[in-house]
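Structure record follows, encoded as structure tokens.
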Amino acid sequence: MEQLQQQLLQWLDLPADSSALTLAQQQMLLNKHEPFFRLDISDKVAGIDAETWFKSCAEETLQAYTDSLDTKTAFSAPIWQKVYNAILFTSLVGHRLVFNRVPKLSLRDVRLTIGDDHRVSNLFISSDTPFFSLDDTGIKVGSQQELDQKLVEVILELSTPLTQFYKSQRVNPRVYWGNILYACNLAFSKLIHEPIAEDNSLDTSLLQEWQSAVFEQALPKGGQLNKIKEVSFNGFKKIYVRRETCCLKYKIEGKAKCTTCNLHSEEEQTELVINKLKKLLQTA
């Protein structure tokens, strides 16, 4: 894990003593590095706690979202879930990878607000949220492996209670868990979002090995639902996450398959990601 973190930290501008940071300060640094890390950690949280919201408001909201897309719930619900996942799980994994901290969360600790488009506009957790850590600044655990296990436990605590709700929305369990673990793996491609010189020592296999080992603990074959890969062009490379599931977005009129979708052949997907890399190099 230490070798993996050394490779990741070269992309971030962190203070000398990051162990003195609060959770809110950590989140601000992640967001400054890449705005995709947008979980709101504050002493002023808004919205309804997720446990209550999914019991009392979710079905009506998902129906309104489905109607707005003029589609079926089985196609709209995974898209709705992806926004929720991206705000929550990508940041949680970012905290673990960069700061060796895992916020101790249940659905009661997560609050959400809904926008006019019927999707999540923001997710909040309190700045006083306890966290697991390798030192005495939090709930101390004895090793990197134990911290990984705590991450898995928190992911399951936030995800398992919602399986029946998404099943009622006709979301296949493999799609449901694939969406969650894809959001977790996005932490890698968001931490390393710039083109990388080909002579850089970044070893994509280390990222892949970690995600495979950790998320295999969350779900049988969970480590196989996504793969960390890279493409190269003109002296630079870019990492990306290939899904082994499909969120069904293409089933909605006017929507195309995601670049990372498993319905693309590996050759076609490689070309799509290379095109993204070319655009990044043009604007650099």
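The values are calculated or read from the model by the stated rules, or taken from the named source; none is laboratory data. For clarity, every value in this text was computed on a predicted model and none was experimentally measured. With ideal geometry, Cβ positions are generated from the backbone for all residues, glycine too; neighbour counts draw on all protein chains shown.
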Filter result (in contact with a Phe, Trp or Tyr (Cβ under 8 Å, 6 or more places away or on another chain) and of a type in the set (A, V, I, L, M, F, W, C)) within the range 259-284: C261, L263, V273, I274, L277, L281
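Rundown of residues vs (1) surrounded by 16 or more Cβ atoms within 10 Å (Cβ to Cβ); (2) under 20 Å from F188 (Cα atoms); (3) of a type in the set (V, I, T), yes/no style:
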residue: L29; (1), (2), (3): yes, yes, no
residue: R38; (1), (2), (3): yes, yes, no
residue: F54; (1), (2), (3): yes, no, no
residue: L62; (1), (2), (3): yes, no, no
residue: D67; (1), (2), (3): no, no, no
residue: T73; (1), (2), (3): yes, no, yes
Candidate set: the range 174-209, residues that are within 13 Å of the chain's Cα centre (by Cα) and of a type in the set (G, A, S); chosen: the one farthest from K82 (Cα to Cα): S189
Helices (runs of 4 or more DSSP H) lying entirely in the range 158-235 (those with 2 or more residues that are buried (at least 21 other Cβ atoms within 10 Å of the Cβ), in contact (Cβ under 8 Å) with a residue 24 or more places away in the chain and not basic (K, R)): 173-191, 204-218
Which numbered condition S56 fails, given (1) over 14 Å from N122 (Cα atoms); (2) at pLDDT below 95; (3) among the polar types (S, T, N, Q): (2)
Residues satisfying the stated conditions in the range 240-250, i.e. among the hydrophobic types (A, V, I, L, M, F, W, C) and under 15 Å from the mean Cα position of the chain (by Cα): V241, C247
Verdict on N262 being out of contact with any Asp or Glu (no Cβ under 6 Å at 6 or more places or on another chain) and of a type in the set (S, T, N, Q): no
Boolean, A16 is out of contact with any Pro (no Cβ under 9 Å at 6 or more places or on another chain), assigned to a loop (DSSP other than H, G, I, E, B), farther than 30 Å from L206 by Cβ and small (G, A, S): no
Set L4, L29: member being over 27 Å from G178 (Cα atoms), among the hydrophobic types (A, V, I, L, M, F, W, C) and either in contact (Cβ under 8 Å) with a residue 12 or more places away in the chain or in contact with a Cys (Cβ under 9 Å, 6 or more places away or on another chain) (or both): L29
In the range 249-269, the residues that are without any contact (Cβ under 8 Å) to a residue 40 or more places away in the chain and part of a helix (DSSP H, G or I): Y250, E266, E267, E268, Q269
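Quick grid of which residues meet (1) under 21 Å from K167 (Cα atoms); (2) of a type outside the set (D, E, K, R); (3) at pLDDT below 95:
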{"residue": "L88", "(1), (2), (3)": "yes, yes, no"}
{"residue": "G94", "(1), (2), (3)": "no, yes, no"}
{"residue": "V102", "(1), (2), (3)": "no, yes, no"}
{"residue": "D116", "(1), (2), (3)": "no, no, no"}
{"residue": "V120", "(1), (2), (3)": "yes, yes, no"}
Subset of the range 236-256 [among the β-branched types (V, I, T) and either surrounded by fewer than 19 Cβ atoms within 10 Å (Cβ to Cβ) or closer than 21 Å to L206 by Cα (or both)]: I239, V241, I252
